[in-house]
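Quick one: structure below, then a few questions.
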Amino acid sequence: MDLRNLHWTAVAKIVGVGAVLLVTAGVVFVWSGVYNVAASKDHLRITTWILTLVRERSITNRSFTIEVPPLDDDGMIRLGASHFEGACVACHNRPGEEINPIVSGMLPPPPDLMDIGKRRPPEEIFWIVKHGLKYTGMPAWPNTRRDDEVWAVTAFLASLPATAGNYPDLAGLTRSQASRDEGSVSGSALTACGRCHEREGTGTNGDRIPRLAGLPEAYLLRSLQEYAKGTRASGAMEPVADLLSEDAMRELAAHYSALEPSAGNQSAPPDPEQLRRGEAIARRGIAHQGVPACLSCHSGRQSQQFPVLAGQHTEYIEEQIRLWRRGGRIGTPYGRIMTAVAGALDEAQIEDVAAYLGSLPPGSATAPMTEANR
C-alpha cells in the first residue's frame with residue numbers, strides 16, 4: 001500500500017481505528033484486573049521507571065523557583081527536629097534507626113533520610129515536605145500556609161547526616177520527664193508538650209518555640225481551641241490539639257499559666273540603638289503607619305486574651321510578625337487585627353521591636369520608658 005497516494009480521509013480513518021483499538025485495549029486491561037496492585041509485589045520495571053521519571057521531573061520543575069532562606073540556625077534546626085519527631089518518625093523512623101518493618105512493606109517504602117541533604121537540594125526537600133507525593137503515602141504538610149514550619153523541617157533534614165548523632169537532644173527527647181507537681185495534668189499530653197515547651201525548671205527547646213510559662217490561661221486555652229478547629233494555622237499544633245479533650249486543654253492551659261517564667265533569652269548583648277528604636281514602637285507605636293503601641297495590649301495589664309510579650313524569644317516574635325504579614329494567621333478575629341498591624345511594619349521595624357520585647361524580663365512590661373524615648 002502506497003500511503004502517499006491515500007486520501008487524507010482514509011488516513012484519518014486508519015488513525016481513528018487505531019485510536020479506538022488502543023482505547024479498547026486500555027479499557028479491557030483496566031477492567032480485567034490483570035495488573036497486580038498488591039504492595040507485596042513490585043511494579044513492572046517499565047512502570048517503576050515511568051513513575052520515577054514523572055515524580056522526579058515534577059519535583060524539579062515545581063521547586064525550581066523556590067528561594068531558600070538561611071538554614072544553618074540552631075533554633076531552626078531544633079524546631080525542625082521537634083516537628084520531625086512528632087510528624088515523620090512514624091514512617092521514616094529516627095535518623096540512624098531501621099525503618100519500622102511494617103512501614104517498610106509500603107510500596108514504595110519510605111526512603112532512608114540520613115543522606116537526604118546530600119541527595120536533594122533544599123528547595124526540593126521543602127517542596128516534598130510541603131506538598132507530599134501522590135501514590136507514595138507521603139502526605140502534604142497538615143497546613144500549607146505555614147512555610148516557616150516546613151522550612152524548619154527542611155533545615156533539619158538538610159543538616160543530616162552531620163546532626164544525626166545529636167538527634168535526641170535536637171528533638172527534645174532528652175528533656176526532663178514530668179515532675180510530681182505535674183501529676184495532675186494529663187501525662188501523655190504533657191510529655192508531648194514538654195519536648196518543645198517549658199517544663200518545671202527548663203526553658204523551651206530552642207528560640208523558635210514560644211515561651212508559655214506565665215501567659216494568661218484564657219489566651220492559652222483559646223490558642224489550643226483554635227488549633228483544634230484549624231482556625232489558627234499550624235501543621236505541627238493542629239494535629240496535637242485535635243487529639244485533646246476540652247478538659248485536657250483546660251488542664252494544660254492552667255498548668256502553663258501557673259509556671260514561673262524562666263530567665264531571659266538574649267544570647268548576646270543587644271544593640272542599644274536597636275533597643276531604643278524597638279522601645280519606641282512597643283510603647284508609642286508608629287502613628288503615621290497606623291501601628292499601635294504593642295504594649296497597649298501585650299503588657300499583661302489588659303485583656304487575658306492577649307499574650308504577654310516581655311521576655312518572649314526574639315526570633316519567635318520576628319517569625320510570628322512575618323507570618324501575620326504573609327496572611328498565615330488570618331483565620332481568627334485576633335489574627336486579622338494583627339495581620340493589619342504586621343502588614344504596616346517593614347523588616348527593620350520587625351527586628352527592632354522583637355529585639356526590645358525579647359530583652360525585657362519575662363512577665364509584665366512595667367519598666368518606665370528610657371529618657372531618649374519620652
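The values are calculated or read from the model by the stated rules, or taken from the named source; none is laboratory data. Predicted model only: the values in this text are computed from it and were never measured. Note: ideal-geometry Cβ built from the backbone for every residue, glycine included; neighbour counts use all protein chains shown. Please note that ligands, DNA and RNA were not included when accessible areas were found on the heavy atoms of the full protein model with its side chains. Shrake-Rupley method; radii C 1.70, N 1.55, O 1.52, S 1.80 Å.
Near the amide H of LEU212, under 5 Å away, which other amide H atoms are found, from residues 5 or more places off or on another chain, if H is placed in the peptide plane?
GLU198
How large is ³J(HN,Hα) for each residue in the range 122-127, as worked out from phi by the Karplus curve 6.51 cos²θ - 1.76 cosθ + 1.60 (θ = phi - 60°), to whole Hz, x for Gly and Pro?
x, 5, 6, 4, 4, 4
Under 5 Å between amide hydrogens, which residues at least 5 positions from VAL291 or on another chain qualify, with H placed 1.01 Å from N in the peptide plane?
Residues meeting the amide H criterion: ILE286.
Check which residues have an amide H placed less than 5 Å from MET138's amide H, if you skip close sequence neighbours.
Placed amide hydrogens put LEU133 under 5 Å from MET138.
If I compute solvent accessible area with a 1.4 Å probe over the protein chains, what percent of it on the chain is carbon and sulfur? Don't jump to the answer; show the numbers that get you there.
Values: 12130 of 20360 Å².
Answer for the chain is 60 percent, counting heavy atoms of protein chains only.
Residue by residue through the range 157-165, what is 3J(HN,Hα) from phi via Karplus (6.51 cos²θ - 1.76 cosθ + 1.60, θ = phi - 60°)? Round to whole Hz and write x for glycine and proline.
Each residue of the range 157-165 in turn: 4, 5, 7, 6, x, 4, 9, 4, x Hz.
Here's another thing I want to ask about it. Excluding ligands and nucleic acids, what accessible area in Å² is computed for LEU21 using a 1.4 Å probe, to the nearest 10?
Its heavy atoms expose roughly 110 Å² to the probe.
Solvent-accessible area of LYS130, probe 1.4 Å, all protein chains present, reported in Å² to the nearest ten, please.
So the heavy atoms of LYS130 present about 30 Å² to solvent.
What translational diffusion coefficient, to the nearest whole µm²/s, does the range 1-99 have by Stokes-Einstein, given a Kirkwood radius computed over alpha-carbon pairs, a temperature of 10 °C and 1.306 mPa s viscosity?
Value of D from the Cα-based Kirkwood radius: 80 µm²/s.
First select every other residue whose beta carbon is under 15 angstrom from the beta carbon of TYR219; then total the charges, Lys and Arg +1, Asp and Glu -1.
Details: positive: ARG211, ARG222, ARG232, ARG250, ARG301, ARG329; negative: GLU217, GLU226.
That works out to +4.
Whole-Hz ³J(HN,Hα) for each residue in the range 32-39, computed from phi via Karplus 6.51 cos²θ - 1.76 cosθ + 1.60 with θ = phi - 60°, x for glycine and proline: what do you get?
3J(HN,Hα) across the range 32-39, in whole Hz: 6, x, 5, 7, 7, 9, 5, 6.
Students sometimes get this wrong: rank TRP151, TRP31, TRP49 by accessible area, probe 1.4 Å, all chains present, largest first. Numbers along the way, then the final one.
Numbers: TRP151 25, TRP31 225, TRP49 155 Å².
Ranking TRP151, TRP31, TRP49 by accessible area, largest first, yields TRP31, TRP49, TRP151.
Heavy atoms only, probe 1.4 angstrom, no DNA, RNA or ligands counted: give me HIS131, HIS197 ranked by accessible area, highest first. Present the calculation step by step, with values, prior to reporting the outcome.
On the way: HIS131 85, HIS197 25 Å².
Putting HIS131, HIS197 in descending order of accessible area: HIS131, HIS197.
Would you indicate which of [x] 27.6; [y] 18.7; [z] 24.0 is the value of mean projected area of the Cα convex hull in nm² derived from the coordinates of this structure?
Checked against the structure: label [x].
What is the sum of charges around LEU295, taking Lys and Arg as +1, Asp and Glu as -1, for the other residues whose C-beta is under 11 Å from the C-beta of LEU295?
Values: positive: ARG283, ARG284, ARG301; negative: GLU279.
Result for the local shell: +2.
Give me the net charge for the shell around ALA171: Cβ to Cβ below 14 angstrom, other residues only, Lys and Arg +1, Asp and Glu -1. Walk me through the numbers before you get to the answer.
Numbers: positive: ARG78, ARG94, ARG175, ARG195, ARG208; negative: ASP74, GLU85, GLU97, ASP169.
It works out to a net charge of +1.
While we're looking at this one, here's another question. Return one whole number: the accessible area per residue of the chain in Å², for a 1.4 Å probe. Write down the numbers at each step before the final one.
Values: 20360 Å² over 374 residues.
Accessible area per residue, the chain: 54 Å².
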